[in-house]
Amino acid sequence: MWYSILNTTMNLACSVGPVLTTFVTAAISWRANMTVYGLTSLVVSVFCFFCMWNSPTDVGHPSCADVGSKNEGKSKGRSRGRGTWQDMLRSPFMWVVCISYLVLFMGRTATLDWGQLYLIQELGQSPYIGSLFISSLEVGGIIGSILAGYLADKLVALSQRDDVQGSPRMTVATVYVFIYLAGLHCLSFLVTSATSHVWVMAVGFTMGFGIYGPVSLYGVMAIEAAPTHLSGTSHAIVSLASNIGAILAGLPFSYVAKHFEWKGAFIILEGLLIGIIVLKVAARNLEYKMVPTKKKLQ
């Protein structure tokens, strides 16, 4: 859950940014807008410099080495694991997480980068409505991310199983992708030039709620499913998949929109989201430990 809360700090800034940018630009100029953000970044940087500490021991907390040694003592007798990064690449669960993260992050980047443009250029909405859409999307992301972490932790606590078939967090992520798909469908078919700003904000909120929940869960699943000594590598691999998705949301996605318009591009994105929902349902009973359990106990 704390990982989800950490992710919401970005949503908070992005929810205020679009509206503030539109207001300052319309009231003054683009130059003033850039000046405001530049000065704000400098002030916050100075504040963070004086609030950050070099080590937990500087503020009376135990050091990371002490915590690590205590955890090692508690888990004495258990093998850390003999898995390698090649074992992770051979894991079907790793590929399910990577593909899901890639498609979802492509949708997230496309929604943020092109959703506002779609509303303004293709539907004829005002820049103010476009900014409200992005802000609503980020507000939905704050609530969705925290709730996803809470629900996933509850499901993990309630499962209490000895087997390693499936991941409760993947169930939550699948439901959230379906919510994002519903919001994207509403944006493509139910939002028009005459749509009220309240409905546009509701659609944006729904999409943000569905996007950021899985974003906060995929990284946690990658860390949990990997051996301790490969948890960082596992997270890096799934993060690489998300970066590839962000790249695909740029030139390839805009190229598709050039030939099929933005609505057509979003419909294609809907098809990809349906594909990963089907993939996750079909792979729901996969062994989620990326290194086989027998190999870890050797």
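The values are calculated or read from the model by the stated rules, or taken from the named source; none is laboratory data. No experiment lies behind these values; they were computed from the predicted model shown. We work out accessible area using only protein heavy atoms, side chains counted, and drop any ligands, DNA or RNA first. Shrake-Rupley method; radii C 1.70, N 1.55, O 1.52, S 1.80 Å.
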Compactness index (Cα Rg / 2.2 N^0.38 Å), segment 115-239: 1.28
May I ask you to give the average projected area over all directions of the convex hull of the Cα atoms of segment 98-163, in nm² rounded to one decimal? 6.0 nm²
Heavy atoms of Ser55 accessible to a 1.4 Å probe, total area in Å² rounded to 10: 40 Å²
Rounded to the nearest 10 Å², what accessible area does Cys48 show when all protein chains are kept and the probe is 1.4 Å? 50 Å²
Would you list His197, His61 from the most to the least accessible area, probe 1.4 Å? His61, His197
